[in-house]
Amino acid sequence: MTGDATFPISSILDGSVTDFDLFLAPHGEEVLYAAPGYRWTRDETTRLLANGWKEFLVVPGDAKRVRMYLQLARLPLIEKEQPPHVRINSIQDLAASFSQCLYSGEVTEAAVRHGERIARGIVECLMESPASVKEIGGLMAHDQYTFYHSARVAVFTTAIAMTMGVNDEHHLQRIATGGLFHDVGKKDVPLEVINKAGPLDQIEWQAMKSHPVTGHEVLKSAGLSVESMEIVLHHHERINGTGYPHGLQQSGIMMEVQIAAVADIYDALTSSRSYQKRRTRYEALDFMKHKLSGTDISPAAFRGLVAALA
Ligand SMILES: [Fe+2]
Ligand SMILES: [Fe+2]
């Protein structure tokens, strides 16, 4: 029934919840051991291992959820073992894998909780060493852009908020979570459109522009904070009212969202895309200062970005 997919018991984290069926086959016949929503304790996994069980069987249809769980299981190791400037890149890789799973699967409640856990890792890392924001980046394949972009926007948004005086850890986590999920609505936009080298036609552009509303819709019942949800819905608003989806003026855009917009634009400018050569840090900041600050983006948030990267 379950095919060949397995799930190692040693990878189960104490206190975690699995969102897929887990089977054992004690006498060659599969028995459901844990249903979605099962909460684990270390005592239980220790007992299973002591009794000689090494892995559960899972149904192939749950493979994406299993993969996401296993990726997240790496986070505590990353937290413990690496100094902040190295850890921030490991978390970035993890967040990119997480985004990739999210884009190819469903946005379940467990997935959202995973995202919040990653956002917490980002905040902890930046609070320990604000300068570690300067270590993130690096080149990657074009088709990986969308996944890494979300990770980097979460990091940049958090770093800017910190330089602007936000120092409450929970507030920063809500901001980082918004950054991580800001483009989740793009999961419904074909990758060929997202990575298209030439200009988008009208239908493609409409599909592209719908992603903030789609993302907000997808996350509506996920229990995220107001800040996170506002970042998802309004990160393409511009302070002069030329943005979308609602054409808000600056006074109608939350400061956290204005910060996320700056982080989003900075990352897009400094990334190599199929239709654009990447700008250096200096070129991107120069462009934002002269072409966008005060018209499209908040000057205060822009100064926050400059301070974060100084
Ligand atoms: Fe976006
Ligand atoms: Fe974005």
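Can you flag which of Lys80/Lys291; Lys80/Lys277; Lys134/Lys220; Lys64/Lys220 are past 31 Å Cα-Cα? Let's see the in-between values first.
Details: Lys80/Lys291 42 Å; Lys80/Lys277 37 Å; Lys134/Lys220 33 Å; Lys64/Lys220 22 Å.
Beyond 31 Å between Cα atoms: Lys80/Lys291; Lys80/Lys277; Lys134/Lys220.
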Please list, short to long, the whole-number percent of alpha-carbon pairs of the chain in consecutive 20 angstrom bins beginning at zero.
32, 53, 14, 1
Name the GluC sites (Glu not before Pro) in segment 1-44 that are in a loop by DSSP and that have at most 13 other C-beta atoms within 10 Å, would you?
Glu29
Tell me, what is the percent relative contact order of the chain, built from C-alpha pairs under 8 Å that lie six or more residues apart?
14 percent
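Return a whole-number percent for the relative contact order of segment 115-203, with Cα pairs under 8 Å and 6 or more residues apart as the contact set.
Numbers: 63 pairs, mean separation 32.5, N = 89.
Once divided by the residue count of segment 115-203, the mean separation gives 36 percent.
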Based on the mean of other Cβ atoms within 10 Å per residue, sort peptides 280-287, 156-163, 197-204 so the most packed one is first.
156-163, 280-287, 197-204
Starting from the Kirkwood Rh over alpha-carbon pairs, what translational D in µm² s⁻¹ does segment 36-194 have by Stokes-Einstein at 25 °C and 0.890 mPa s?
146 µm²/s
If you line up the long axis of helix 299-309 against the longest principal axis of the chain, both from Cα atoms, how many degrees apart are they, to the nearest 10?
60 degrees
Under the Karplus curve 6.51 cos²θ - 1.76 cosθ + 1.60, θ = phi - 60°, whole-Hz ³J(HN,Hα) for segment 282-291, x wherever Gly or Pro sits:
5, 4, 5, 5, 4, 4, 5, 5, 8, 10
How would Glu81, Glu135 line up from fewest to most surrounding beta-carbon atoms within 10 angstrom?
Glu81, Glu135
Return the ratio Rg/(2.2 N^0.38 Å) for segment 6-64, where Rg is computed over Cα atoms only.
1.05
Report the residue, chosen from His234, His171, His27, that carries the largest GNM mean-square fluctuation when the chain is represented by alpha-carbon nodes joined by springs under 10 Å.
His27
Would you list His211, His216 from fewest to most Cβ contacts within 10 Å?
His216, His211
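Please arrange Lys277, Lys64, Lys209 by how many other C-beta atoms lie within 10 Å of their C-beta, fewest to most. The partial results should precede the final answer.
Values: Lys277 7, Lys64 17, Lys209 14.
With the sparsest Cβ surroundings first, the list reads Lys277, Lys209, Lys64.
Coordinate-derived values only; no laboratory data. Keep in mind it's a predicted model, so treat the numbers as computed, not measured. Cβ coordinates were reconstructed from backbone atoms using ideal geometry, including for glycine residues, and neighbour counts include every protein chain displayed.
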